Structure formats: structure tokens, C-alpha cells
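Each remark here refers to the structure printed beneath this line.
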Amino acid sequence: MYRKTCQIDTILADLNYSVDAHYDWLVNMFSCVVNNAFEQPDIIYPCAHKHCRVGTWLHHHQPMGEEESSCIQAISEAHMRMHDSGRQMMLAIQNKTMTAEHFTDFKQHLALFSSAVTTYKSYLLNMRSGIDILTGLPGRRMLDETFVQQLIRAPEQNIYLLLLDIDRFKNINDTYGHLIGDSVLRGLAQLLRDGIRDDDNAYRYGGEEFIILLRAPSDKDACLTGLRLCNTIADTTLNCDDQALHITVTVGLTKVQAKESLDEAAKRADAAMYRGKQT
């Protein structure tokens with residue numbers, strides 16, 4: 001499951017705001033040294049990392065998927081160690097046992113925290129760049145980049161590739177115009193988002209074609225899922241500006257074989273979809 005662009009933008013803004021608060025934390029440390037006042041809760045308390053803005057952000061943030069969870073875990077661990085290193089350094093200054101190693105250790109943990117945050121931001125920005133602007137679904141590039149990993153990390157259930165094409169979409173554009181056609185694509189994308197499970201993924205493959213990677217225990221279950229989607233789409237009214245439209249779709253479905261490329265699976269699904277169009 002992938003995040004929407006607005007979700008990614010919100011996460012980045014909140015994270016930047018939280019990380020910027022650590023500049024205040026560093027300034028406060030200098031102030032404590034200058035004023036010989038070390039009894040600051042955000043500096044000397046062992047659990048201070050849980051109550052600063054980053055700690056609060058980490059507590060409330062819910063990652064999606066293994067890769068994002070790994071990034072968040074790295075930030076959490078680096079953040080905790082950075083706070084602990086700063087606390088140890090301040091206690092050493094207070095007790096007049098300060099050594100160069102305290103500074104070096106604190107500097108290293110600051111760098112590790114910064115690196116972990118940068119890695120997560122890069123992950124989010126890469127995800128954002130792979131999202132189709134019109135529909136908000138992941139695009140073909142993201143499918144290409146993650147296909148192999150999805151096969152490797154798949155549970156025991158089989159993975160099926162469902163290729164979905166809007167019937168007579170050219171007639172919609174010719175009759176109502178491309179703006180209405182774009183609204184139809186957005187409406188269908190929302191139906192797909194609402195109609196698949198959390199561990200399935202929908203993509204805009206190109207034009208009026210969409211791909212869903214779904215997990216099912218058997219061919220029969222996968223076919224029933226495809227049929228359910230087709231019926232849901234056909235039964236739904238799409239309100240596009242002042243037009244109330246109904247569309248149908250044709251679907252080609254295939255089971256993805258072990259170590260198979262995306263192109264190989266997509267070609268079989270495309271052939272199945274073509275036979276559906278002909279009949």
C-alpha cells in the first residue's frame with residue numbers, strides 16, 4: 001500500500017518541523033554550560049528523547065510497509081542514542097570529567113541521526129516522484145522498481161497480476177472532452193483504492209490501463225476478486241462535473257510465476273484482456 005502525495009507532503013512538513021526543534025535543544029545545552037544550570041529535563045532526563053518533538057512525532061507516526069518501518073526504526077534508534085550521548089556529555093561537563101571522547105561521540109550520534117532522517121526523506125521523495133499526478137496512484141516506474149521485491153517478500157499466498165482497461169474510453173473523450181475523461185480516470189482510481197485490500201497494490205499502467213497486484217490462495221479466488229471489481233465499477237455512477245457516467249472495464253488476469261519478470265506476466269494478462277475485448 002502506498003501513500004498519497006498529500007500524505008507524503010504532510011509527513012515531510014511535520015518531520016522538518018520536529019527536527020528543527022533540535023536546534024533549540026542544542027542552544028539550550030550551550031546555555032546550560034554558560035549559566036552552570038544543568039537541571040534541564042530535556043537534557044539530563046534519561047527518557048527525554050520520548051518527550052521532545054521528534055519523540056512525539058515518532059510515537060504518533062504509523063509507517064506503511066517494511067521499507068518505511070525500517071527507516072522509522074533507524075531514526076528512532078539514532079534519535080535515542082543522540083539524546084543519551086548529549087546527556088552523558090552534559091553530565092561529564094557538570095562533574096568536570098569531560099574528555100575529547102565525549103565530544104566525538106556526541107558528534108557521531110548527531111551525524112547518524114541526520115543520516116537516518118535524510119534516508120527517510122529520500123525514500124518519501126522517491127515514492128512521491130513515482131506517483132501518477134492525475135490519479136494519485138503509483139505509476140509504472142514504481143511498479144517496475146518494486147515488482148521483484150514484492151515477489152520476494154510475498155507471503156505464502158500466490159500473486160496475481162490483474163490488467164484492467166476502460167471499455168470504449170476514446171468515446172468518452174470524443175463525446176465529453178478530455179477533462180471529463182480525466183475525471184473518469186480519477187474516479188476509477190478511487191474505486192480501485194477503495195476496492196482492494198491493504199496488502200494489494202493498484203497502479204496506473206498508462207493511458208486508461210491499470211494494474212493490480214493481488215494476493216489470493218487460488219485461481220478461483222483471484223478470479224472472484226477480479227469479477228467483484230468489474231461489477232463494482234459497472235454498478236457505480238461516476239459524477240464528473242455535471243455528467244453522471246457509467247463505465248465498464250475488461251480485465252486480464254494471470255498468476256505471476258516465481259522469478260518471472262513484470263513484462264512476461266503483463267504480456268499474458270494483456271493477451272487475456274484482449275480476448276475479453278474481442279468477446
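The values are calculated or read from the model by the stated rules, or taken from the named source; none is laboratory data. Everything numeric here is computed off the predicted structure, so don't read it as measured data. Note that we place each Cβ from the backbone using ideal geometry, even for glycine, and neighbour counts take in every protein chain shown. Accessible surface areas use protein heavy atoms only, side chains included; no ligands, DNA or RNA. Shrake-Rupley method; radii C 1.70, N 1.55, O 1.52, S 1.80 Å.
What is the gain in length, in nm to one decimal, between Q150 and S115 on full extension, counting 0.36 nm per residue of separation less the C-alpha to C-alpha distance?
Roughly 10.0 nm would be gained on extension.
Tell me the net charge near D165. Cut-off is 11 Å between Cβ atoms, D165 excluded, with +1 for each Lys or Arg and -1 for each Asp or Glu. Present the calculation step by step, with values, prior to reporting the outcome.
Working: positive: R168, K277; negative: D167, E208, E209, D270.
Local charge sum for D165: -2.
Which order, highest average first, do 236-243, 262-269 follow once you tally other Cβ atoms within 10 Å for each residue and take the mean per peptide?
Answer by packing, highest mean first, reads 262-269, 236-243.
Which of the lysines could be linked to K267 by a straight reach, that is with a Cα gap under 19 Å, when you skip same-chain ones fewer than 8 residues away?
K267 reaches K255, K259, K277.
Please determine, in degrees from 0 to 90 and to the nearest 10, the orientation of helix 219-235 with respect to the longest principal axis defined by the Cα atoms of the chain, where the helix direction is its Cα long axis.
So the helix axis and the longest Cα principal axis differ by about 80 degrees.
How many percent of the accessible area of the chain is carbon or sulfur, using a 1.4 Å probe? It would help to have the intermediate numbers written out before the result.
Details: 8040 of 15320 Å².
On the chain, the fraction of accessible area on carbon and sulfur atoms equals 52 percent.
Tell me, what is the per residue accessible area of the range 1-127 in Å², probe radius 1.4 Å? Display every interim value, and only then the final one.
Numbers: 7410 Å² over 127 residues.
Heavy-atom accessible area per residue stands at 58 Å².
Tell me, how many Å apart are the Cα centres for the range 253-279 and for the range 3-38?
Cα centres, the range 253-279 to the range 3-38: 49 Å.
Quick one: putting +1 on the C-beta of Lys and Arg, -1 on the C-beta of Asp and Glu, what dipole do you get for the range 36-143 around its Cα centre, in Debye to the nearest 20?
Once rounded to the nearest 20, the dipole reads 240 debye.
Where the only charges are on Cβ atoms (+1 Lys, Arg; -1 Asp, Glu), what is the dipole of the chain about its Cα centre, to the nearest 20 debye? Write down the numbers at each step before the final one.
Values: 28 positive and 36 negative charges, 55 e Å.
It comes to approximately 260 debye.
With Cβ to Cβ distances under 13 Å as the rule, what net charge do the other residues near I211 carry (K, R +1; D, E -1)?
Result for the local shell: -3.
Report, largest value first, the span of the C-alpha coordinates of the chain along each principal axis, in whole Å.
Answer, in whole Å and largest first: 85, 46, 23 Å.
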